[in-house]
Structure formats: structure tokens, C-alpha cells
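Reading through the C-alpha cells given below for one structure.
Please treat every number below as a calculation from the coordinates, not as lab data. Values in this document were obtained by computation on a predicted structure and should not be read as measured data. No Cβ is skipped: glycine too gets one built from the backbone with ideal geometry, and neighbour counts run over all protein chains shown.
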Amino acid sequence: MIPMRFDEIKRHLSGFRVGIAGAGGLGSNCAVALARSGVGTLVIADFDKVEAKNLNRQYYFADQSGILKTIALRENISRIDIDIKVITHTEMLDRTSIPVVFSGCDVIVEALDRAEMKEMIVEVVQLQMPGIPLIVGSGMAGWGRNDLLKSRKVDKNLYVCGDESSESDDDFPPMAARVGIVASMQANIVIEILMNKMTDNLSLNYENKA
């Protein structure tokens, strides 16, 4: 990691496009972390609306209940940094739409609720979008147990964040703290991948000059 001022980091990150599949607890918090870090373009896909019952973990506000999550999240990000470009898609993702919606993205974040949707996006990205890194969230229900939350590189372009075991239900709900930690882990990996592109370019330029 090269020591660097934030304005330099932001200038570099502003040139990238990151896709986020899902705008619930993981997706909304990850999007905000990436926006605050200076990522220039966010492509956010979610068909659902903000609900009051989910405000315990999602980056929305009470007066946004009933609004499409993508619209509400774009509004919230604009209040953080008006220069961040937010592209929204409100259809349900499927095997056909995923490559279209996230075309041109440098990295994709998976932030979907259902296991079958998670499996689908992993398969589609790896088979139809080879070379694009995908960061998956898995296992974040409940509270405490910080020591079980981790990030793991599965292969060259697939990462998993979470405890990879805890499943959410009425008696073991997802809560802000653990969901936020995993969302920040996902955002941190995105930033690491994108910042490494600067290191790679610096090394390439040095080699060319030599």
C-alpha cells in the first residue's frame, strides 16, 4: 500500500464504475461507503421499496418509506457527494439482465437476500463476465461474534465476506452492526482492488521507462 492523500485516492477512484446487486442492508451501506470513498459511478439494481421495518439496518430514513430503494439511495448519496454518478435499475435481476445491467463495471458487489439469487449471480458473472471481480456477502445475522466475520478470496476474481454460516430468520434477525461490518468489508475489498490498479499502472510505467 502506497502512502497517499485522500484527494489523490478520490481522484483515482472517481474513474471507476462499481455495480451493486441489491440495495438492502448490505447494498445500501456498501454503496454509501464507496460513495464516501470517492468511487465515481455506482450502478445499483433493486426492484423493491423502502419499508419502515427494515430501517434497523438499511441506509434509508423514515420519510423515505414507500419509495423505490434505488431512488432513495441515489438521493441519499447525492447529499453526501453530488458528483457521484448513480445509475439505477429497478427490474429483478436474472441471467439475461445481469450482464446488461452491470456492463462496463470494474467490480460487482453481490448484496441479494435469497441463496438462489446469490448462486445465480456468481455463476453468471464467472461464466459470462470473466475477469470481473465479484464480492459476495454470506452470513451476518444476529449480533456479536466479531471474530467469526472475515473476508476470503475464493479464486482470482471471487471474494466472500461474512461468517459464511449464520442464516437470518425471525428469531435471528440481521442487525445494523453485523450487516454494516460485512458491507464495509465488501466496500474495502472493492477499494483495494481498484487502488491496486494504480499500483499496477505505476509499476508498468516504471518498467516501460526502464
Exercise. Once every DSSP H run of n ≥ 4 in the chain is given -39500 (n - 2.57) and the sum is divided by its residues, what mean residue ellipticity at 222 nm do you get, rounded to the nearest 500 deg cm²/dmol?
Worked result: -13500 deg cm²/dmol
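How far, in nm, would the chain grow between residue 172 and residue 48 when pulled straight, counting 0.36 nm per residue and subtracting the alpha carbon separation?
Working: separation 124, 0.36 × 124 = 44.64 nm, distance 2.24 nm.
That pair, residue 172 and residue 48, stretches by 42.4 nm at full extension.
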Seminar exercise, completed: With the label point 7 Å along the Cα-to-beta-carbon line of residue 165 and a cut-off under 20 Å to each amide N, the hits in the stretch 23-44 are none
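Using just the alpha carbons, could you tell me how many Å³ per residue the convex hull of the chain encloses?
Details: hull volume 27.6 nm³, N = 210.
Dividing the Cα hull volume of the chain by its residues yields 131 Å³.
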Exercise. Roughly how big is the chain's charge dipole about its Cα centre, with Cβ charges of +1 (Lys, Arg) and -1 (Asp, Glu), in debye to the nearest 20?
Worked result: 700 debye
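Packing-wise, with mean Cβ within 10 Å as the measure, how do 41-52, 136-147 rank, highest first? Before the final figure, lay out each step's value.
Working: 41-52: 19.9, 136-147: 16.4.
Highest to lowest by the protection proxy: 41-52, 136-147.
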For this session: Enter the Cα centre distance for the pair the stretch 124-176 and the stretch 1-57, rounded to the nearest angstrom.
Result: 17 Å
Seminar exercise, completed: For the stretch 6-209, whose charge dipole is built from +1 on Lys and Arg Cβ atoms and -1 on Asp and Glu Cβ atoms, the candidate among 71, 40, 55 with its Cα farthest towards the positive end is 40
Seminar exercise, completed: Taking only the alpha-carbon positions of the stretch 76-199 as identical scatterers, the Debye log10 I(q)/I(0) at q = 0.09, 0.11, 0.17, 0.18 Å⁻¹ comes out as -0.28, -0.42, -1.00, -1.11
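Antiparallel DSSP bridges in the stretch 71-210: what percent, to the nearest 5?
Details: 7 of 15 bridges.
Expressed as a percentage, antiparallel bridges in the stretch 71-210 total about 45.
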Problem set entry | Per residue convex hull volume, Cα atoms of the stretch 60-142, in Å³ | 130 Å³
